[in-house]
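Novice: Quick one: structure below, then a few questions.
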Amino acid sequence: MHTDAKEKTMKKDIILSGVGGQGILSIAAVIGEAALAAGLHIKQAEVHGMSQRGGDVHSDLRISSEPVHSDLIARGGADLIISLEPMEALRYLPWLAKDGWVVANRAPFVNIPNYPDHGALLAELRALPRAIVLDVERAAAEAGVARAANIVLLGAASAVLELDYGALRLAVGKVFGRKGDAVVKMNLKALEIDRGAAERI
């Protein structure tokens, strides 16, 4: 049975970025589960960089109501960049569409000796016309869900994902269910923390 999301034309090309160990794969898994539940087609490019904790991680996630033939996003074609690290968000700006959104964590993961000036990175991100820049580690810690900072960022991106929020909640349950009810509840709480970020902007 197809849902309304399947009956209307929908296309969302998403770049996920960050560094190893931050939880990029979990964000991709939740979005993918929610998209499949909505009857949408999905393709994900190979995730790069996971072999080294602290190394850069990047994955292309393509969702559409029509069949998706390529798993790679062309330069200028990304509707959304979701990044758990500010420098990594800026790295993929050449792939962002003119009307695309960036949802990024403001806290740096300084993993190289010549890491750029943090203030300059934030200024560049905040100068973008459609950007949500949050300190998700701080928000997660203050809410008592420090281990789910990645899902706080996903919650902030939920309004621009064009996926049903209820489907995202169900997907969180499915992805984290094998880890137990406490982990599911923690991630559901994290999803809710900055859910209204896009609407406020």
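The values are calculated or read from the model by the stated rules, or taken from the named source; none is laboratory data. All values derive from a computational prediction rather than experimental measurement. Reconstructed Cβ throughout: ideal geometry from the backbone, glycine too, with neighbour counts over all protein chains shown.
Novice: So, in segment 68-121, exactly how many residues are loosely packed, with under 15 Cβ neighbours inside 10 Å and in a strand (DSSP E or B)?
Specialist: If we filter segment 68-121 for residues that are loosely packed, with under 15 Cβ neighbours inside 10 Å, which is where we start, we get 69-72, 74-76, 94, 98-99, 110, 112-120.
Adding the requirement that they be in a strand (DSSP E or B) leaves 98-99.
Summing the residues that are loosely packed, with under 15 Cβ neighbours inside 10 Å and in a strand (DSSP E or B) in segment 68-121 gives 2.
Novice: For segment 93-115, give me each residue that is closer than 19 Å to Leu16 by Cβ and of a type in the set (S, T, N, Q).
Specialist: Scanning segment 93-115 gives Asn105, Asn111.
Novice: Follow-up. Scan segment 94-102 and give yes if some residue there is among the charged types (D, E, K, R), touching a residue at least 12 places away in the same chain (Cβ under 8 Å) and closer than 13 Å to Ile14 by Cβ, otherwise no. If you could, list the steps in order and put the result at the bottom.
Specialist: Narrowing segment 94-102 to residues among the charged types (D, E, K, R): 98-99.
Filter again for touching a residue at least 12 places away in the same chain (Cβ under 8 Å), leaving 98-99.
Still in the running and closer than 13 Å to Ile14 by Cβ: none.
For segment 94-102, residues among the charged types (D, E, K, R), touching a residue at least 12 places away in the same chain (Cβ under 8 Å) and closer than 13 Å to Ile14 by Cβ: absent.
Novice: With respect to Arg53, determine if the residue is modelled with pLDDT of 90 or more and either within 30 Å of Leu121 (Cβ to Cβ) or part of a strand (DSSP E or B) (or both).
Specialist: Working: modelled with pLDDT of 90 or more: no; either within 30 Å of Leu121 (Cβ to Cβ) or part of a strand (DSSP E or B) (or both): yes.
Here the answer is no, as Arg53 does not meet what is asked.
Novice: Shifting gears a bit: For segment 122-136, which positions are in a helix (DSSP H, G or I) and either closer than 21 Å to Ile24 by Cα or of a type outside the set (D, E, K, R) (or both)?
Specialist: Result: Leu122, Ala123, Leu125, Val136.
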